[in-house]
Amino acid sequence: MCRLYISKGSIDLSNALKLAAKYDPYMPSDRKQHGDGWGFVAMSQREFFYYKSGLPAWEDPTVVPMREAVLAHARAASPGEPVGPAHSHPYMAHLDDGRIIFVAHNGSVDKKALAAELGIDPTGYTDSFVLTLFLAKNWGNPDKAVENAMRYVKTALNLAVLEFPSLRAYAYTYYRGPREYYAMYLIKEGGAVAVVSSTLLRHIEYSGEELKSGTLLAF
């Protein structure tokens, strides 16, 4: 259970993420907070700033820098999953062709089955980290990578993926739980484009277009 956004262009959603993490009335549990760490990557074609913390996002004074593309995530860990800055999203993975992908995930997947497919021991890793390794292995064809990952969904496969150095952004939404929590929204404001978790809309002045479950968007 997490909140996230991925954006390109001049649109600052970092405060909305922190507020959504501090109190989420849509969260389908009694916690109503996403306080198990947070992180971001902010990039241009020549550089990226990558940050992960075990602090709740709203307690961390760190500011998300404005760059051409941003991916940010606040985490609510699933029961039994490890916590701490190493396990905060986004995760980074190097591809064989030299590209780097950063992955943020909302939902839960079958960690043991994914790890078996990859031939690794999942002990000490989150389901989203193992998912990142799976996506990286198959990212030569993003559509196929996401399609294959669908076999392992438990609750949701809400994904945001940012490539470096191309700055290509991907957002995918698929969920089996409550729509008001899991739905993701497309925002277009001036020349900026973003996809956000539902709760962020409570804290921004922009309207969003709901993405149908099963939608893969690249921008």
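The values are calculated or read from the model by the stated rules, or taken from the named source; none is laboratory data. Since this is a predicted model, take the numbers as computed values, not measurements. Glycine also receives a Cβ, built like all others from the backbone with ideal geometry; neighbour counts cover every protein chain displayed.
Points worth noting:
- Helices (runs of 4 or more DSSP H) fully within the stretch 112-219 counting 3 or more residues that are without any contact (Cβ under 8 Å) to a residue 40 or more places away in the chain and out of contact with any strand residue (DSSP E or B) (no Cβ under 7 Å at 6 or more places or on another chain): 127-138, 142-149
- Filter pass, N148 being modelled with pLDDT of 95 or more, among the polar types (S, T, N, Q) and surrounded by fewer than 15 Cβ atoms within 10 Å (Cβ to Cβ): no
- Here V83 meets each of (1) assigned to a loop (DSSP other than H, G, I, E, B); (2) buried (at least 20 other Cβ atoms within 10 Å of the Cβ); (3) among the hydrophobic types (A, V, I, L, M, F, W, C) with one exception, condition (2).
- Residues located in the stretch 96-111, provided they are part of a loop (DSSP other than H, G, I, E, B), over 14 Å from the mean Cα position of the chain (by Cα) and surrounded by 14 or more Cβ atoms within 10 Å (Cβ to Cβ): R99, D110
- Applying a threshold of 9 Å to beta carbon distances and a minimum spacing of six or more residues, or different chains, the list of pairs starting in the stretch 1-28 at a residue that is over 21 Å from Y175 (Cβ atoms) and ending at one that is of a type in the set (D, E) and part of a loop (DSSP other than H, G, I, E, B) reads K8/E68; G9/E68; K18/D60.
- Among the residues of the stretch 178-199, those that are surrounded by 15 or more Cβ atoms within 10 Å (Cβ to Cβ) and over 17 Å from L162 (Cβ atoms) comprise Y181, Y182, A183, Y185, K188, E189, S198, T199.
- All conditions but one from (1) under 14 Å from A104 (Cβ atoms); (2) without any contact (Cβ under 8 Å) to a residue 40 or more places away in the chain apply to R67; the one that does not is (1).
- Strands (runs of 3 or more DSSP E) wholly inside the stretch 2-69 that include at least 1 residues being surrounded by 17 or more Cβ atoms within 10 Å (Cβ to Cβ), touching an Asp or Glu at 6+ places or on another chain (Cβ under 8 Å) and of a type outside the set (G, A, S): 2-8, 38-44
- Of the residues making up the stretch 10-59, those that are under 16 Å from the mean Cα position of the chain (by Cα) and hydroxyl-bearing (S, T, Y) are S14, Y50, Y51, S53.
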